[in-house]
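The values are calculated or read from the model by the stated rules, or taken from the named source; none is laboratory data. In this text the structure is predicted, and so the values were computed from the model without any measurement. Glycine gets a Cβ as well: all are built from the backbone with ideal geometry, and neighbour counts include every protein chain shown.
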Amino acid sequence: MQALTSPVFRSIALGGLLLATTVALVKPEPHMHRLRLHAPRMCGAYYLTAWSDGDVRLPAGNEDSTLTFRTRADMNDGCRWQATETLVPVNAKRYSYRYEERLLSCEPDAQPYIKTPRVGYVDVLE
């Protein structure tokens with residue numbers, strides 16, 4: 001009985017209780033897919049794309065849905081642009097890809113860039 005009231009036992013019991021509570025509260029991270037873009041790039045063009053830093057990571061489960069990414073930015077041509085990237089499912093491992101830009105507004109003396117639409121495909125990687 002004396003062991004149950006010792007400080008060492010109480011510390012071990014409290015540590016175990018805290019560990020069990022922490023494990024119960026931690027939610028597992030959802031399975032993620034990596035999306036790899038394959039689309040031609042016009043030399044010297046700037047694209048407002050979700051893939052500007054490499055592959056895109058999304059939670060698994062969207063494979064049957066059309067995905068849309070929209071990006072807005074003020075460019076150094078003096079204009080505000082919006083890019084829309086549309087992914088349409090082809091099968092469980094591939095989407096068709098379409099990129100379009102829309103000029104939203106420009107400063108009075110702006111010289112807008114040319115639009116750079118493109119098409120391609122996106123592979124779904126595990």
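Just the residues that are aliphatic (A, V, I, L, M) and under 13 Å from Leu48 (Cα atoms), please, taken from region 72-113.
First, the residues of region 72-113 that are aliphatic (A, V, I, L, M): 73, 75, 83, 87-88, 90, 92, 103-104, 110.
Result: Ala73, Met75, Ala83, Leu103.
Look at region 34-48: where a residue is closer than 10 Å to Tyr121 by Cα and of a type in the set (Lys, Arg) and a partner is modelled with pLDDT under 95 and in a strand (DSSP E or B), sitting 6+ places away or on another chain with Cβ atoms under 8 Å, you get Arg36/Leu125. Screening Arg70, Arg41, Arg57 for residues that are surrounded by fewer than 16 Cβ atoms within 10 Å (Cβ to Cβ), within 15 Å of Pro117 (Cα to Cα) and touching a strand residue (DSSP E or B) at 6+ places or on another chain (Cβ under 6 Å) leaves exactly one candidate, Arg70. Does region 50-69 contain any residue that is at pLDDT 95 or above, more than 24 Å from Pro30 (Cβ to Cβ) and within 16 Å of the chain's Cα centre (by Cα)? There is no residue in region 50-69 that is at pLDDT 95 or above, more than 24 Å from Pro30 (Cβ to Cβ) and within 16 Å of the chain's Cα centre (by Cα). Among the residues of region 102-126, the ones that are among the aliphatic types (A, V, I, L, M), surrounded by 13 or more Cβ atoms within 10 Å (Cβ to Cβ) and within 28 Å of Glu63 (Cβ to Cβ) come to 2 in all. Looking across region 92-101, just one residue is surrounded by 13 or more Cβ atoms within 10 Å (Cβ to Cβ) and modelled with pLDDT under 95, and that is Lys93.
Look through Pro89, Pro30 and report the one residue that is at pLDDT below 90 and either within 14 Å of the chain's Cα centre (by Cα) or crowded, with 16+ Cβ neighbours inside 10 Å (or both).
Pro30
Within region 73-124, the residues that satisfy the criterion of being assigned to a strand (DSSP E or B), farther than 19 Å from Arg41 by Cβ and hydrophobic (A, V, I, L, M, F, W, C) are Cys79, Val88, Val90, Leu103, Leu104, Cys106, Val124. Scanning region 100-122 for residues that are charged (D, E, K, R) and within 18 Å of Thr68 (Cα to Cα) yields Glu100, Glu101, Arg102, Arg118.
Give region 70-86 a look and list any residue that's on the phi > 0 side of the Ramachandran plot and at pLDDT below 95, or say none. Let's see the steps before the verdict.
Initially, region 70-86 is screened for residues on the phi > 0 side of the Ramachandran plot, giving 78.
Scanning region 70-86 gives no hits.
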